[in-house]
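The values are calculated or read from the model by the stated rules, or taken from the named source; none is laboratory data. Note that this is a predicted model, so its numbers are computed, not measured. Cβ: placed from backbone, ideal geometry, glycine included. Neighbour counts: every protein chain shown.
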Amino acid sequence: MRKSFAAFLLFVTPALAQEHATAYDALRVVATGLNRESLSHVISIVGVEGDPQPETWKIMLQDAHARGGVREVEVANGRIVSDRTPNRSIAGSTEGATIDTARLNLDSSGAFAVASHTAEKSHARFATVSYTLRTDERGEPIWIVTLMNNSSHPVGTIHIGANRGAVTRTEGMFAGASMDEVETGRDEGAEGGILSTTKAGIKRAFHRTQEEAHGMFERVRRSFSDFINRE
């Protein structure tokens, strides 16, 4: 199913039911099925092939009693369907750093809205979405949203801050420019600069999309603390 700007608007309104649970919903299941303390040990949350939300969420938890110090819980259909020690090493968060859930202001549904809008501006067409929530090198929670075509091949990846909703990097879009490259690029006419004359529009498009993404974030912003503490 090809997503479009018109289609993504359907997911901005919480009143319109999601076909599958969001990441916040999955964390609530973990808190209920295990214990509330487990939310302080989340390393990463992963969901693949979402349309727009995935059927299953895999949640990595820091666990000193587990082999390798990690525990993997899978949530689907509103319940825990698997709780095991993974055989593979941790992927994602820097040195297995845990996510401060009090700093989460963007659910996976909101991450989809921001990513879909960014993809629209970059003219990237996609069929399904994969999500990873982890910490970045500064310890801040970040969504990494990968857009895939009907053949399950990536067409672009968008990094979105889960605290303030900033689009910090895109891959496969806007000529692959990151925010750091946009800010530090030499003058547009400088030889060898990332923003050469032929790429001058990249900077404008990237900044414009960032501003629009911030506006989108303000509309879909959702505090996890408020979500988990509500009756």
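A few remarks follow.
- The single condition among (1) modelled with pLDDT of 90 or more; (2) surrounded by fewer than 18 Cβ atoms within 10 Å (Cβ to Cβ); (3) under 15 Å from Leu133 (Cα atoms) that Ile99 does not meet is (2).
- Unmet criterion (only one of (1) loosely packed, with under 15 Cβ neighbours inside 10 Å; (2) of a type outside the set (Gly, Ala, Ser); (3) at pLDDT 90 or above) for Arg208: (3)
- Residue list for the stretch 44-73, restricted to those being hydrophobic (A, V, I, L, M, F, W, C) and farther than 24 Å from Met148 by Cβ: Leu61, Ala64, Ala66, Val70, Val73
- Yes/no for Ala31 being within 30 Å of Gly156 (Cβ to Cβ) and either modelled with pLDDT under 90 or in a helix (DSSP H, G or I) (or both): no
- Residues (modelled with pLDDT under 95 and in contact with a helix residue (DSSP H, G or I) (Cβ under 8 Å, 6 or more places away or on another chain)) located in the stretch 79-96: Thr85, Pro86, Ser89, Ile90, Gly96
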